[in-house]
Every structure is written in C-alpha cells, then in structure tokens.
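Working notes, structure below.
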Amino acid sequence: MRTCTQKCREHDHLEISVEYAASSALSPSLHWFLGWIESEVAGGRRFLPEQTVQVGWSVLEIRQRTDGTLGFFEPDFRSMPVKFVDSVSNTLLHLFLQKSVAESLGVLDELALPSLRDSAIICTEFGSTEGFVMSRVAPKAADSGWFFGCDSAAHDHQSPDGLRRVSLYEAATPHEDRTIPFLGLPPDTFVGFSGAVPYFSRGETELAIRPGSYLHKKYVERVG
C-alpha cells in the first residue's frame, strides 16, 4: 500500500510517499513517521533525491518518483551488500520492536539506537549454534558497541583469531527476528539466548521482564 504526506507543499517541498505492508500493527508507527516528516519539513529540513536519512537503526534512501513525489526506500534486510526496496515496513517495525524491548526491561528512557552502518564484532562461530549471546559496551564514533557470539563454551571469545569486525547490518540481519529487536538496548547490557526465555542483565544485575510487556507476551507467557 502507499500513503503520502499532505503538508510538505505548504513549505515549498515535494510531498513524500511511502510503501508499506497493510498491517494494523504498523498504523501507529506510520502515523508518527508521516508526522515526523512533515514536522522536519516545516522546520526547514529539505529531503532530496539520492540523500539518505536514518530512521531508528535503519537508513532510508530517497528517490524521485515519476508521480512527482519523493519515495523512501529501505534495505531488504537480506542482501549483502545492501539492496534497497520500495518500502518502509521493516524500518518502522524494527523501531517499534526496539522501543517495546526497552520498555519491557524498564530502560526505555535509555534507548540507544545505533545505525546499521556502524560496526560490530562477531565471533567466527556466530550463527553456528542454536543459542547465542549479545553484549554491548559504550558506543564510540562508528562503533555500535555490540558483540555477537556463539554460546559454545569451547570457543574462546577473547582470542582475536576467533573474532571479526563487520557492519552491524551484516552482523544482525542473518538472525533478524532474534537480534534486531535488542539493538537499542543501552551499554553494559547482556542478552543470552540459550533457552525458551532469553536472559537479560545490566552489569551484574539481572533485568526482569515486566509482566504484560511485549517480551513477557512473546516469551514468558508462551512458556508458562
């Protein structure tokens, strides 16, 4: 489906049209997104073809449409190198999930969204085991601070030979539904996937999943 901004022309700016999947879950995010665009334009910002703009952790590419509007294109979150497609659905879904995860763990006010262009460190066995771990140190410049590793006790995550630095996009997308929702968690956070319910901690303290929250419904209630 396609929808379009309505107020950009008031500021001598082309309207912006976006493609999205028909889903009631996306409606609030889509409404916010269109309002954000119009607010940015009203404040003097100019969106131009061939520019990119970051929304959440995603990066959107701006293209001129044949109907006279501008279109926002998002990564397909599968291809490497990045392939842009005519949609904003995953971008908005990821942002919704990242906020929901942070709210579930009581750290929404510390949400720290990186860019998919930032770097991350992965262990060379990441993706080869059923379980895996994620941990984050303080971001620095273009370093997201994220580490992704396997959960094999036999693999040494302290050895440089078993690690490599890649873009966050390359690190996260192979396990999209299990990693991307957690990318906005703040520094000093640990996430462990080794059972039916992920384990979360901040420093030395376990982070409890709030009852009734997104994570509680996704993991805890299904087990219970």
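Nothing in this text is a laboratory measurement; each read-out follows from the coordinates by a stated rule. Predicted, not measured: the structure shown is a model, and the values here were computed from it. Neighbour counts are summed over all protein chains in view; Cβ atoms, including those assigned to glycine, are modelled from backbone coordinates with ideal geometry.
Charges were assigned to the Cβ only: +1 to each Lys and Arg, -1 to each Asp and Glu. The resulting dipole of region 102-223 about its Cα centre is roughly 220 debye. Modelled spin labels at Ser152 and Thr205, positioned 7 Å past Cα toward Cβ, are 3.6 nm from each other.
Sorting the segments 167-177, 40-50, 75-85 by their mean number of nearby beta carbons within 10 angstrom, highest to lowest, gives 167-177, 75-85, 40-50. Between Ser128 and Arg63, the contour length at 0.36 nm per residue exceeds the alpha carbon distance by 19.6 nm. Kirkwood radius and radius of gyration were both taken over the C-alpha atoms of region 102-223, and their ratio Rg/Rh is 0.95.
In degrees between 0 and 90, to the nearest 10, how far off the longest principal axis of the chain does helix 89-104 point, with axes built from Cα atoms? Here the helix axis deviates by roughly 50 degrees.
Here Lys83 is the anchor, and the lysines within straight C-alpha reach of less than 28 Å, apart from those fewer than 8 places off in the same chain, are Lys99, Lys140. Placing unit charges on the Cβ atoms of the charged side chains and taking the dipole of the chain about its Cα centre, the candidate lying farthest along the positive direction among Gly131, Trp146, Pro81 is Pro81.
Each Lys and Arg contributes +1 and each Asp and Glu -1, all at the Cβ; summed about the Cα centre of the chain, the dipole is approximately 300 debye.
Ordering 55-62, 29-36, 141-148 by mean Cβ neighbour count within 10 Å, with the highest value first, yields 55-62, 141-148, 29-36. Let me know the shape class of region 29-96, please: from the alpha-carbon gyration tensor, a ≥ b ≥ c as square roots of the eigenvalues, rounded when a/c is under 1.5, otherwise prolate if a/b is greater than b/c, or oblate. Oblate shape, in that a/c is at least 1.5 and b/c is the bigger or equal ratio.
Length available on full extension from Glu40 to Lys217: 0.36 nm per residue minus the Cα-Cα distance, which gives 60.2 nm.
For the chain, the Kirkwood hydrodynamic radius comes to 18.8 Å, computed from all pairs of different C-alpha atoms.
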